[in-house]
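Structure, as structure tokens:
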Amino acid sequence: MDLKSGIAIEEIADGGMLSGDVEGEAVVLVRQGKEVFAVGAECTHYHGPLAEGIVSGESIRCPWHHACFDLRTGAPSAPALNPIPVWNVEQRDGRVFVTTKRDIPPPARAKTPIASVGIVGAGPAGNAAAEMLRSEGFAGAITMIGAEETVPIDRPNLSKEYLAGTAPEKWMPLRDADYYRGQNIEVLTGRRAMQLDTRTKTLTLDDRSKRTFDAILIATGSEPVRLSPPGAGRVHVLRTLRDSRAIIALAEKSTAKGKRAVVLGASFIGLEVAASLRAREVDVTVVAPDEVPLGKPMGVEVGAFIRRLHEQHGVHFRLGTTVATFEGDRVVLATGEPIPADFIVAGVGVRPNTQLAQSAQPDALTVDNGIVVDEFLETAVPGIFAAGDVAHYPDSFTGNKIRVEHWVAAGRQGQTAARNILGRRTPHTAPPFFWSAHYDVTIAYVGHAAGFDRVEIHGSLDDRRALAAYHAGPHLTAIAAIGLDRESLLIEKAMEEGDRNAIDAVIARI
Ligand SMILES: Cc1cc2nc3c(=O)[nH]c(=O)nc-3n(C[C@H](O)[C@H](O)[C@H](O)COP(=O)(O)OP(=O)(O)OC[C@H]3O[C@@H](n4cnc5c(N)ncnc54)[C@H](O)[C@@H]3O)c2cc1C
Ligand code: FES
């Protein structure tokens, strides 16, 4: 439908969306009362279809990984980095005409006493913070210090398309070096901050240079747990581009017996690695102490479904056991069973990188399963913030203090921290969200359900249209959805608004 030639306003339901195009570009019209917005139809993250998402106030949310875009300006929130285009709309005689693309003026210069911000960690939290500082009009100096040798990368892809061989390496950087130059963001790659002086806000780097800032964001993420049984030195972990490249090189190396891998840990990362290695025709055995893969975070029903899915794709499981020793081209399980392995990948969890906070002078920052921050993501030292995997913060929906290890959550926290560095006093209210992809099945998880005591399954896992609702005592604390993207978005919005009735209503319709 050509939206330039106009349509009757009644064709768009109030609060609803309608798809069309303008000069060959796909556009979504969104009606809010008498006002109609026209925005690009494709999410700038991975091209998700925005018309299949939801509208919330003056924003549109993507069904795939819950990016959110402002309907007036197109401004993105994590995981999207780029805005969507926005068109001008005219209304005449009850008809709506989409006219020209809107030029969004640059942000007004932020009024802040802060002249320089140091960001430790070049992951999604650090990157989103740097970008948000600029899009909020911060004109001062921004330095992002990252221990990896790369600019921030699309880390979730390390275990998915990139590892499977369906995404080229050029897709992996979130931005290229020119982008950071253009935004006047200094990025120090391959550099580690070793020491933090909280009084002067000075960082000492691994080349002994010192940098002093007006505000500091610690976004140091987490590190994979490494195993210790005899021979475990040759076990690969997966966190960085270098790690993923090393696993790909092994997967591509054929032996006379084919390619055989053992994956240790039936975790999200372990299972995603298994799926991607299957795409490369590697024979994969997953070894884990759990009785059900993902049983702990997802419950036994979802875990059993995920196990069946992997078995249908040829993955073998050895559960309820561990590796006793790593010997030559095999591992020997605690049960005594040998499993041939040309290479081994462990996905057995991560630990937050809290060293900088713990060793801070003259006083260490408070660390308790992560760096403790308030609802503004600020530590007890004014002007020092933490975000992402490393932050232990109050969850606004449950009231619990939590730490999460999720891509979108890290980006959103980086954005909140940036606003608060500029003195906006914005509490972090976004519920945690993550997704995990296994073959053609994606799980979307909203909330935080450590220690749930009841799981209700709505819909049918076998039909790949199901929602697991996790309860702790009388309260729902999280949901996991398969094939129900809109429902997971609606529940995320309801959690944000603290509206339990709205959550119940969404679930009741499944
Ligand atoms: C293979 C893989 C797949 C994943 N898939 C998903 C997924 O599908 N969905 C999802 O929601 N989440 C996923 N995650 C989790 C997600 O990537 C993390 O939650 C997210 O990257 C955390 O972001 P962050 O910015 O807090 O930290 P990180 O991404 O860990 O970045 C922190 C950076 O800081 C650096 N650093 C640490 N200490 C210092 C220091 N002292 N000085 C300088 N730099 C330092 C680190 O080297 C790192 O580069 C995945 C993770 C991995 C490893
Ligand atoms: S495709 Fe839209 S958030 Fe990922």
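Tabulated values for the structure
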| item | result |
| --- | --- |
| Fewest-first sequence of E378, E291 by Cβ atoms within 10 Å of each Cβ | E291, E378 |
| Unpartnered cysteines - no second Cys beta carbon under 4.7 Å - across the chain | C68 |
| Cα coordinate range in segment 232-348, projected on the principal axes (Å, largest first) | 37, 30, 25 |
| Hits among aspartates and glutamates - C-alpha to C-alpha of K34 under 18 Å, sequence gap 8 or more where chains match | E10, E11, D14, E58, D70, E90, D93 |
| In Å, descending, principal axis extents of the Cα set of segment 1-134 | 53, 31, 26 |
| Helical mean residue ellipticity (222 nm; -39500 (n - 2.57) per DSSP H run of 4+; nearest 500) of the chain | -6000 deg cm²/dmol |
| Net charge of neighbours whose Cβ lies under 14 Å from the Cβ of N127, counting Lys and Arg as +1 and Asp and Glu as -1 | -2 |
| Estimated dipole of segment 268-360 in Debye, rounded to 20 [Cβ of Lys and Arg +1, of Asp and Glu -1, Cα centre] | 260 |
| DSSP-loop trypsin sites (Lys or Arg not before Pro) across segment 241-317, with at most 10 other Cβ within 10 angstrom | K253, K257 |
| Within straight-line cross-link reach of K101, lysines at Cα separation under 19 Å, skipping those fewer than 8 residues along the same chain | K4 |
| Estimated distance in nm for a label pair at N400 and D329, the labels positioned 7 Å out from Cα along Cα-to-Cβ | 4.6 |
| Rel. contact order, % - alpha carbon contacts under 8 angstrom, at least six apart, the chain | 12 |
| Proximal aspartates and glutamates to K259, defined as alpha-carbon separation beneath 13 angstrom and excluding residues fewer than eight positions away on the same chain | E281, D283, D329, D342 |
| Residue order, fewest to most surrounding Cβ atoms within 10 angstrom, among Y180, Y393 | Y180, Y393 |
| Bins of 20 Å, starting at 0 and running to the largest distance - Cα pair percent for the chain | 22, 53, 24, 1 |
| Radius 12 Å from Cβ of W87, net charge of other residues (Lys, Arg +1; Asp, Glu -1) | -1 |
| Distance violations [Cα-Cα > 29 Å] among K170/K253; K160/K493; K201/K401; K296/K493; K160/K201; K401/K493 | K160/K201 |
| Calculated on alpha-carbon atoms, Rg and Dmax of segment 138-271 in Å | 18.6, 61 |
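The numbers here are math on the coordinates, done by the rules we state, and not lab data. Note that the coordinates shown come from a computational prediction; the quantities given were computed from them, not determined experimentally. Positions of Cβ are backbone-derived with ideal geometry, glycine not excepted, and every protein chain shown enters the neighbour counts.
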